[in-house]
Amino acid sequence: MNGKGFYNFFALYFKECKKVLLSLTFLLYTAAIFAMYYTQFESEMRGAEIEPKPGLSSYGTVVREVPEVLMPRALDTLVQEYQTNSYVAYPIGFYKEVHLTGKKREKMAEIIGELTGVSREELDNFLEGDKEDDKDNKFEFTVGEEDGLRKDGDNNFVVDGNGNFRAGELDFAEYPLSEEITYERFRELMRKADDLIGGGSRYSDKYILHNFSQVPKTYEEAMAEYQQFIEEDKITGAYARLYCDYIGMMLSILPVFVAVSLMQLDRKARMEALVYSRRISSAKIISARYAALVSGMFLPVIVTTVAAQKMVMELYPGAKMDLFALARYAIIWMLPAIMAVAAVGMLLTELAGGLLAIFIQGAWWFADVFSGSLTGGIRKFNLVIRHNSLYKLDIFQKEYSDFLFNRIFFVVLALLLVALTTMIYEEKRRGRNIGIRALVKNYKNQSAI
């Protein structure tokens, strides 16, 4: 590309930028980003994180796979839900109350029977009010110090002087676990129970630890976490991940609206024929338009990143920070999302129309948001990445290679989609009908014949 070519490209780029920045869709997009920043991220920043002090009664909880805790808790909840025939589930991220009937209820009774040795008749009698008759020793479940568990006088978990987790006398369930049930078999039965409920229940692999195996965090654990926050994350790294968690969710859906709006602008203004007749190449038109979309939509990210950096510095005056962490995370984490969603919007609008582009991107976003976890679980091909915590750096570090692969993948995918959009655009400029509308039109013509 010679000097004149560069001049023409940038002239076109600035024209496209003007279209993007002055469009109503972009203004709504910007308002949504700012709203997410102020209502979600900024609301989390109520004060600076404080160093844990020894001797406190509680340092919060941590999810840890402790079978002695998880098994009776999960069993207790499963029995209660069976007795009320009301199971809580989140199959697609939303609350759902499930009621089992017929064979499914019988199979659930069989699962509980294997776990406890209690027959369905005994379970149903308990439900009908024969609790006092049936509540003998076989329905009591207590764990004492011989099992390595202890509680204080208020029935709360406690930590011994060595910082080891202990609890005691857990009256978790009316029905005791069978001594023959191993932890592996228990988890297998929980998966079967989850399948009967329809997936997404408390007993699924995704939720079971969070629901039933949260144990008290020790002072040593709390202090190690805080030191990691200060020394490894240098404060801003932690806030950068939380910022990207909230804003990144919006950037995985909103750019499609701006892209669709820009691609349809020529049609609405009846400028399509004029654009097609110009001598400037399709590659320059689509590239300039795409660059304008991505750079324009990244502007609100820059503004909110600067605001976040300023706020963190005010919370921790004089602290040693990584001053580039927020900017670095914003580029690596969120720019690929904007690129991918904008490219999808451009391609599908050119190929099939704006409504279908919005529908497909919305379905993709919905599936990603409600299939992942709030923290961790980064997969190589998930558009939405979550890390809704100032801590848990170790989880992010373990998945960092997948994170980098994920973001690079979406950058490459975006560029390929833009190239495909250019090809379709060029074919249309040459008068060839391409896309779903063309297929429908051809089908109608053939049917008429």
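Annotation: VAL344 carries an accessible surface of approximately 20 Å², with a 1.4 Å probe and no ligand, DNA or RNA atoms counted.
Put ILE280, ILE112 in order of accessible area, highest first, and with a 1.4 Å probe you get ILE280, ILE112. Could you tell me the accessible area of PHE10 in Å² (1.4 Å probe, neighbours in place), rounded to the nearest ten? About 100 Å², ignoring ligands and nucleic acids.
For segment 1-59 and segment 339-400, what is the separation of their Cα centres, given in Å? Cα centroid of segment 1-59 versus Cα centroid of segment 339-400: 17 Å apart.
Using a probe radius of 1.4 angstrom, the carbon and sulfur fraction of the accessible surface of segment 340-432 is 71%. Strictly over 21 Å apart at the Cα level, which of LYS234/LYS310; LYS217/LYS380; LYS284/LYS380; LYS103/LYS192; LYS19/LYS310; LYS310/LYS398 would you flag in this model? In this structure, LYS217/LYS380; LYS284/LYS380; LYS19/LYS310; LYS310/LYS398 exceed 21 Å between Cα atoms. Residues whose amide H lies under 5 Å from that of SER201, counting only those 5 or more places away or on a different chain, are TYR90; hydrogens are built 1.01 Å from N in the peptide plane. Computed with a 1.4 Å probe on the full set of protein chains, the accessible area for LYS206 sits at about 90 Å². Each of GLU188, GLU350 has its accessible area taken with a 1.4 Å probe; listed largest first, they run GLU188, GLU350.
Take the Cα radius of gyration of segment 295-432 and divide it by 2.2 N^0.38 Å, N being the number of residues; the result is 1.26.
The separation of segment 229-258 from segment 318-338, counted between C-alpha centres, amounts to 8 Å. For the residues LYS19, LYS53, a 1.4 Å probe over the protein chains yields an accessible-area ranking, largest first, of LYS53, LYS19.
Where q = 0.14, 0.15, 0.20, 0.28 Å⁻¹, what log10 of I(q)/I(0) comes from the Debye formula for segment 51-107, counting one point per Cα? Result of the Debye calculation: -0.63, -0.69, -0.92, -1.11.
The values are calculated or read from the model by the stated rules, or taken from the named source; none is laboratory data. Predicted, not measured: the structure shown is a model, and the values here were computed from it. Just so you know, the surface numbers come from the protein's heavy atoms only, side chains and all, with ligands and any DNA or RNA stripped out. Shrake-Rupley method; radii C 1.70, N 1.55, O 1.52, S 1.80 Å.
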